[in-house]
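Worksheet: one structure, shown below.
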Amino acid sequence: MTDKIGFIGVGTMGEPMCRNLAKKSALQVLAADRDQAPLKRLAADGVKAASLDEIVANCRIIFLSLPGGKEVEEVCLGADGILPKLQMGWTIVDCSTAPVSLARRLYAEFEGKACAFADAPVARTRQAAIDGTLSIMVGATGETFARIEPLLRTMASEVTHCGEAGAGQAVKILNNMILFQTGVALAEALSIARANGVDGKVLFETLTKGSADSFALRNHGMKAMLPGIFPERAFSTEYALKDLSYAIAMADEQGVPALGADVARELMERAAELGHGKEYWPVLLRAIEDATGKK
């Protein structure tokens, strides 16, 4: 185990993850981000702001928490990326949600430098990131998983080794695909109930007592759709569309129909067209309401 850990990307999820890593691991954490505000907040928890070059030079294990595949590829393989600068034996842990194909490519690239790579995307909410109760799905060799698991457990209550490179991303992407499709069902049910004079609160509270009960119902349905609260700086419609595109690409590559995912994407795209792209993704409810003319 090294005495310094790197963390690149301390945004909505990355900041609390980095904070828990620093507080619970008792290791020095060096963090980098284009936004100085979270770095200043993290300084109070002992996290030291650093450049990418400083992190690559000093940290044998480096975590990434970036918006998506494009950013991960740029940080790892870009002209000023970290791959050419790594020393033999370094380990990169990507906690972003990115395409499975990219994870497998990065594994091969880093292995070629005698370095390890793990895809370790996170699930659950920002509050879970704050509380250190995320679920992390990991694609890595057994040896790499054993090395990084104690660090991942500073940020998560559930850490699952899903298989080799890319397996973590595949499971996370499909997790989100199922969640979004459940969100579509909840939005449709709420809209149909209201159109037929049934109180939405009565509907959702009653559903929690039957076979339609779910995490999505109790959180995305009851806490967002029912009161119509869709804050920014949560998991936005734009980010949800990104993850859906990864899932649909996985399906297309293998010739598997993904009709439910296509419906979710259509509703989210419509919500974005209505100006809700930056808002919390359950705002797809607005796309259904817009189609019916009822709110």
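The values are calculated or read from the model by the stated rules, or taken from the named source; none is laboratory data. Predicted model, so just to flag it, every value in this text is computed and none were measured. All Cβ positions, even for glycine, are placed from backbone atoms using ideal geometry, and neighbour counts span all protein chains on display. Heads up: the accessible areas ignore ligands, DNA and RNA and are worked out on the full protein's heavy atoms, side chains in. Shrake-Rupley method; radii C 1.70, N 1.55, O 1.52, S 1.80 Å.
Given LYS4/LYS113; LYS223/LYS278; LYS23/LYS70, which pairs have Cα atoms separated by over 24 Å?
Numbers: LYS4/LYS113 21 Å; LYS223/LYS278 18 Å; LYS23/LYS70 30 Å.
From LYS4/LYS113; LYS223/LYS278; LYS23/LYS70, over 24 Å: LYS23/LYS70.
Hey, if we sort TYR246, TYR107 by accessible area with the 1.4 Å probe, largest down, what's the order?
So the residues, ranked largest to smallest area, are TYR107, TYR246.
Using unit Cβ charges (K, R positive; D, E negative) and no other charged atoms, how large, in debye to the nearest 20, is the dipole of the range 160-295 about its Cα centre? If you can, show how the numbers build up before the last one.
Values: 14 positive and 17 negative charges, 111 e Å.
Charge dipole, the range 160-295, about its Cα centre: 540 debye, nearest 20.
May I ask you to give the solvent-accessible area per residue for the range 229-269, in square angstrom, as obtained with a 1.4 angstrom probe? List each step's numbers first, then the result.
Working: 2260 Å² over 41 residues.
Per residue, the range 229-269 has an accessible area of 55 Å².
Would you please classify the overall shape of the range 136-190 from the alpha carbon gyration tensor, given that a ≥ b ≥ c denote the square roots of the eigenvalues, rounded means a/c under 1.5, and beyond that prolate means a/b larger than b/c while oblate covers the rest?
Judged from the Cα gyration tensor, the range 136-190 comes out oblate (a/c at least 1.5, b/c at or above a/b).
May I ask which residue of TYR239, ALA258, ILE288 lies farthest towards the positive end of the charge dipole of the range 214-295, with charges of +1 (Lys, Arg) and -1 (Asp, Glu) on Cβ and the Cα centre as origin?
ILE288
Using 0.36 nm times the number of residues separating GLU158 and GLU109, minus their current alpha carbon distance, what extension gain do you get?
On the way: separation 49, 0.36 × 49 = 17.64 nm, distance 2.82 nm.
Extra length available between GLU158 and GLU109 comes to 14.8 nm.
Picking from LEU152, GLN87, GLY166, whose Cα lies most toward the positive end of the charge dipole for the chain (charges on Cβ: Lys, Arg +1; Asp, Glu -1)?
Working it through, the farthest residue towards the positive pole turns out to be LEU152.
Using a 7 Å offset from the Cα along the Cα-to-Cβ direction at both MET88 and ASP35, what is the distance between the two label points in nm, to one decimal?
4.0
Place a +1 charge on the Cβ of each Lys and Arg in the chain and a -1 charge on the Cβ of each Asp and Glu, then give the dipole magnitude about the Cα centre in debye, rounded to the nearest 20. Working shown, then result.
Values: 32 positive and 36 negative charges, 177 e Å.
Here the size comes out at about 840 debye.
How big is Rg to Rh over the chain, alpha-carbon atoms, Rh as the Kirkwood inverse-mean-distance radius?
On the Cα set of the chain, Rg over Rh gives 1.00.
Determine which residues of the range 170-207 fall in the zone a paramagnetic label at ARG218 would reach in this model, i.e. backbone nitrogen under 18 Å from the point 7 Å along Cα→Cβ.
Once the point is set 7 Å along Cα→Cβ of ARG218, 179-180, 182-183, 186, 201-207 turn out to lie under 18 Å by backbone N, inside the range 170-207.
Within the range 4-60, what whole-number % of the accessible surface is contributed by carbon and sulfur, with the 1.4 Å probe and all protein chains included in the calculation? Intermediate results must be reported in sequence, preceding the final value.
On the way: 1220 of 2540 Å².
Result for the range 4-60: 48 percent of the exposed heavy-atom area is carbon or sulfur.
I need the calculated FRET efficiency for the pair ALA26 and ILE229, taking r as the beta carbon distance and R₀ as 45 Å, to the nearest 0.05. Can you show the working numbers first?
Working: r = 38 Å, r/R0 = 0.84.
Working from the Cβ atoms, E equals 0.75.
So what does log10 I(q)/I(0) come out to for the range 1-129 at q = 0.12, 0.21 Å⁻¹, using the Debye formula with one equal point on every Cα and no solvent?
Debye output, listed in q order: -0.40, -1.28.
Could you provide, to the nearest whole Å², the per residue accessible area of the range 1-158 with probe 1.4 Å?
Values: 6530 Å² over 158 residues.
That works out to 41 Å² for each residue.
Just report the Cα centroid separation between the range 24-92 and the range 131-202, whole Å.
24
Throw me the Rg/Rh for the range 93-223, computed over C-alpha atoms with Kirkwood Rh, two decimals.
1.13
What part of the accessible area of the range 120-227, given as a whole %, is carbon or sulfur when the probe is 1.4 angstrom? Working shown, then result.
Working: 2590 of 4690 Å².
Using a 1.4 Å probe with all protein chains present, the range 120-227 comes out at 55 percent carbon and sulfur.
Dipole of the chain (Lys/Arg Cβ +1, Asp/Glu Cβ -1, origin at the Cα centre): which of PHE180, THR141, ALA31 lies farthest to the positive side?
Going by the Cα projections, it comes out as ALA31.
Give me the extension gain from VAL202 to VAL263: residue separation times 0.36 nm, minus the current Cα-Cα distance, reported in nm with one decimal.
On the way: separation 61, 0.36 × 61 = 21.96 nm, distance 2.64 nm.
Result: 19.3 nm gained on full extension.
Could you give the dipole magnitude of the range 234-279 about its Cα centre, charging the beta-carbon of Lys and Arg +1 and that of Asp and Glu -1, in debye to the nearest 20?
Numbers: 4 positive and 9 negative charges, 23 e Å.
In debye, rounded to 20, the range 234-279 gives about 100.
Taking the alpha carbon gyration tensor of the range 69-126, what are the square roots of 5 times its eigenvalues, largest first, to the nearest whole Å? Working shown, then result.
Working: eigenvalues 77, 31, 22 Å².
Taking √(5λ) for each Cα gyration eigenvalue gives 20, 12, 10 Å.
Just check the range 28-88 against the gyration tensor rule for me: Cα atoms, a ≥ b ≥ c as the square roots of the eigenvalues, rounded for a/c under 1.5, and otherwise prolate or oblate depending on whether a/b exceeds b/c. Let's see the in-between values first.
Values: a/c = 2.31, a/b = 1.37, b/c = 1.69.
Note, shape of the range 28-88 comes out oblate.
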